[in-house]
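Worksheet: one structure, shown below.
Just so you know, all these numbers are worked out from the coordinates, no wet-lab data involved. In this text the structure is predicted, and so the values were computed from the model without any measurement. Note: ideal-geometry Cβ built from the backbone for every residue, glycine included; neighbour counts use all protein chains shown.
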């Protein structure tokens, strides 16, 4: 498993309100609720961090793209593809 930059390895008990049908189905399927919720929260946090980074750096990315459009890639003559 690759390194997770937000995981601490520590556990904290929390209260969640989940649909009873969903909980029953997950338990019947042998799904670990804690690990599954943790994975979903990890994915949601990463998605939000990525969205914010893109938003905060949009101007920079657009400026770089404009520069490349006007000047080409700096080392393009060395590309093998």
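Using a 10 Å cut-off on Cβ atoms, rank the peptides 72-79, 28-35 from the highest mean neighbour count down.
28-35, 72-79
Rank by packing, highest mean first: peptides 15-25, 41-51, with packing defined as the count of other Cβ atoms within 10 Å averaged across residues.
41-51, 15-25
For residue 13, project a label point 7 Å along Cα to C-beta. Then give me every residue of the stretch 32-55 with its amide nitrogen under 17 Å of that point.
Under 17 Å, as judged by backbone N against the label point of residue 13, lie 33-35 of the stretch 32-55.
Relative to the compact-globule scaling 2.2 N^0.38 Å, provide the ratio for the alpha-carbon radius of gyration of the stretch 1-45.
So the Cα radius of gyration is 1.31 times the expected 2.2 N^0.38 Å.
What angle, in degrees between 0 and 90 and rounded to the nearest 10, separates the Cα long axis of helix 58-71 from the longest principal axis of the Cα atoms of the chain?
Value to nearest ten degrees: 30.
What is the helix-to-structure angle for 33-56, meaning the angle in degrees between its Cα long axis and the longest Cα principal axis of the chain, kept from 0 to 90 and rounded to the nearest 10?
So the helix axis and the longest Cα principal axis differ by about 30 degrees.
Give me the extension gain from residue 49 to residue 79: residue separation times 0.36 nm, minus the current Cα-Cα distance, reported in nm with one decimal.
7.5 nm is the gain from fully extending residue 49 to residue 79.
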